[in-house]
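In what follows, a structure is listed as structure tokens, so that the remarks can point back to it.
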Amino acid sequence: LAPKDGPVHLYRYQNRHSHSLIPRHATEGVRLLADIEVAGMTLRTLLDTIGLDQIDLLLLNIEGGEAWVAAELAGDAGLRNRVPQICAAMHPQIYGADDAARIRALLRPHYDVVAGGADIPYDLWRTP
């Protein structure tokens with residue numbers, strides 16, 4: 001998933017579990033293996049492209065991209081209707097504790113927190 005439809009940069013790192021659209025090598029000192037241009041798409045475009053009307057539970061662990069998806073969901077009531085539950089990884093090492101709070105603030109008006117918080121790296125949200 002990406003913040004926009006179209007070409008985006010995927011940064012491949014030595015740890016294959018850390019690839020990201022965020023240039024983590026600039027701030028975290030992780031070893032960059034490659035910078036590859038790939039086709040990015042928003043959550044709405046992905047659902048429309050594969051023909052899904054609804055996702056029962058969306059698991060987000062996309063190495064910092066959770067903020068983009070949270071912003072997309074916060075701004076699109078139709079998309080929120082298609083995604084009633086979200087389990088989102090929080091990556092303060094990538095985007096900072098303040099941005100984790102911002103992600104929660106974006107989702108809170110539209111979803112209830114079922115589990116999560118400062119001591120748990122995942123938040124579970126569902127529509128009220």
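The values are calculated or read from the model by the stated rules, or taken from the named source; none is laboratory data. As the structure is a prediction and not an experimental result, all values here were calculated from the model. Ideal geometry is used to build each Cβ from the backbone, glycine not excepted, and the neighbour counts take in all protein chains shown. Remember, those area values only see protein heavy atoms, side chains included, never the ligands or the DNA or RNA. Shrake-Rupley method; radii C 1.70, N 1.55, O 1.52, S 1.80 Å.
The magnitude of the dipole of the chain, with charges of +1 and -1 set on the Cβ of Lys/Arg and Asp/Glu and taken from the Cα centre, is near 100 debye. Diffusion coefficient (Stokes-Einstein, Kirkwood radius over C-alpha pairs, 4 °C, 1.567 mPa s) for region 57-102: 118 µm²/s, rounded to a whole number. Expressed as a whole percent, the accessible surface of region 11-87 that belongs to carbon and sulfur atoms is 50, based on a 1.4 Å probe. When you count the other C-beta atoms within 10 angstrom of each residue and take the mean per peptide, 49-56, 70-77 line up highest first as 70-77, 49-56.
Ligands, DNA and RNA excluded, the heavy atoms of ILE22 present near 40 Å² of accessible surface to a 1.4 Å solvent probe.
Its Cα centre serving as origin, region 9-55 has a Cβ charge dipole (Lys and Arg +1, Asp and Glu -1) of approximately 240 debye. When DSSP beta bridges are restricted to pairs lying wholly in the chain, around 85% turn out antiparallel. When the charge dipole of region 1-104 is built from unit charges on Cβ atoms (+1 for Lys and Arg, -1 for Asp and Glu) and taken about the Cα centre, the candidate among ILE62, SER18, GLY6 whose Cα reaches farthest toward its positive end is SER18. Evaluated at q = 0.22 Å⁻¹, a Debye calculation over the C-alpha positions of the chain (equal weights, vacuum) places log10 I(q)/I(0) at -1.35.
Once the 1.4 Å probe is applied to the protein heavy atoms, the chain comes out at 55 Å² accessible per residue.
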